[in-house]
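This report refers to the structure that appears directly beneath it.
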Amino acid sequence: MPYIEINQTRYYYAGDIKRNGIPVVFCHGSGGGHHHWLLQLQGLREPVNPIAVDLPGHGRSEGKPMNTVADYRDWLHRFSKAAGIGSFVPAGHSLGGAIVLDYALHYPEDIKGLILIGTGGRLKVLPAILESLKKGSVPETFSDFLYSAEAPDELMQRGREEVLNTEPSLYYADLCACNEFDVMEMLHRISKPALIICGSNDQLTPVKYSRYMENSLPESCVEIIDKAGHMVMLEKPEELNRTITNFIECLLSNSQIN
């Protein structure tokens with residue numbers, strides 16, 4: 001299994017860092033793991049080289065979950081250097097998208113562009129959800145907001161089971177990080193090309209979040225994927241993969257990647 005060791009702690013990633021193509025490093029959302037990107041790892045081909053990380057304390061990675069986006073951002077920086085992947089395109093979903101935005105603000109020299117999926121420049125969380133998680137209980141309706149009503153029943157059931165089998169403390173740390181995140185007034189500083197993707201039925205990070213980022217990021221485009229919810233990469237993988245591939249090919253054709 002592929003691991004990167006940083007300060008005697010092992011962190012898991014899926015993919016082949018030596019494969020040809022532009023490295024696209026996928027960061028999952030709150031409580032998630034690399035498994036949320038399996039359909040991208042399987043479906044994306046050159047010029048894309050997909051790599052999916054398990055954030056600290058998630059999935060197969062050692063360490064503890066962090067409670068600020070800044071900490072996750074700096075971890076991703078250390079990971080990319082330790083992995084030796086060079087210049088890359090970070091792609092993030094929800095919390096992962098916040099990490100990518102913060103990365104672009106602090107380490108722009110590392111990246112070729114950025115991909116933002118089901119996320120926003122600010123990610124406030126309902127106080128009642130945080131309070132429930134702090135007490136060690138995942139709200140019963142938590143998973144109801146993750147998928148479109150048109151998602152297959154089997155997919156939605158797997159989502160419910162995953163939520164129930166995830167430690168509330170993990171969600172609590174991640175959602176605290178989301179709740180404190182706010183770069184709304186700094187988005188204009190990000191000059192790298194940005195692809196923004198959102199499901200048309202996303203209830204957690206609705207389309208208006210993506211439109212705001214489109215209007216604030218100097219060089220960006222938005223793709224709204226029809227009949228998809230927050231977990232767009234699982235609900236509409238082919239559409240997502242095609243959109244990502246087109247973005248990378250566009251970067252290459254515009255000679256923005258050396």
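The values are calculated or read from the model by the stated rules, or taken from the named source; none is laboratory data. Values in this document were obtained by computation on a predicted structure and should not be read as measured data. Note that each Cβ is placed from the backbone with ideal geometry, even for glycine, and that neighbours are counted across all protein chains shown.
No other residue among Thr205, Thr245 is within 24 Å of Phe145 (Cβ to Cβ), of a type outside the set (A, V, I, L, M, F, W, C) and modelled with pLDDT of 95 or more apart from Thr205. Total residues in the range 110-136 satisfying the condition of being under 19 Å from His93 (Cβ atoms) and of a type in the set (S, T, N, Q): the figure is 1.
State the number of residues belonging to the range 193-239 that are in a loop (DSSP other than H, G, I, E, B), in contact with a Leu (Cβ under 7 Å, 6 or more places away or on another chain) and under 26 Å from Arg45 (Cα atoms). Number of matching residues: 4.
The residues listed here are Val125, Val138; of these, the one that is under 30 Å from Asn215 (Cα atoms), part of a loop (DSSP other than H, G, I, E, B) and out of contact with any Lys or Arg (no Cβ under 9 Å at 6 or more places or on another chain) is Val125. Every condition in (1) buried (at least 24 other Cβ atoms within 10 Å of the Cβ); (2) touching a Phe, Trp or Tyr at 6+ places or on another chain (Cβ under 9 Å); (3) in a helix (DSSP H, G or I) holds for Thr119 except the one numbered (3). Is at least one residue of the range 152-164 of a type in the set (Gly, Ala, Ser), surrounded by 19 or more Cβ atoms within 10 Å (Cβ to Cβ) and modelled with pLDDT of 95 or more? Taking every residue of the range 152-164 in turn, none turns out to be of a type in the set (Gly, Ala, Ser), surrounded by 19 or more Cβ atoms within 10 Å (Cβ to Cβ) and modelled with pLDDT of 95 or more.
Can you pull out every residue in the range 150-192 that is more than 19 Å from the chain's Cα centre (by Cα), small (Gly, Ala, Ser) and assigned to a helix (DSSP H, G or I)? If the condition is that a residue be more than 19 Å from the chain's Cα centre (by Cα), small (Gly, Ala, Ser) and assigned to a helix (DSSP H, G or I), then Ser169 is the only one that fits. Once the range 84-111 is narrowed to residues that are within 15 Å of the chain's Cα centre (by Cα) and not in a helix (DSSP H, G or I), the residue that is farthest from Pro193 (Cα to Cα) is Ser94.
The single condition among (1) closer than 20 Å to Tyr72 by Cβ; (2) among the hydroxyl-bearing types (Ser, Thr, Tyr); (3) free of Cβ contacts under 8 Å to residues at least 24 places away in the same chain that Ser143 does not meet is (1). Here the condition is being exposed (fewer than 15 other Cβ atoms within 10 Å of the Cβ), part of a loop (DSSP other than H, G, I, E, B) and not small (Gly, Ala, Ser); of Lys64, Lys81, it holds for Lys64 alone.
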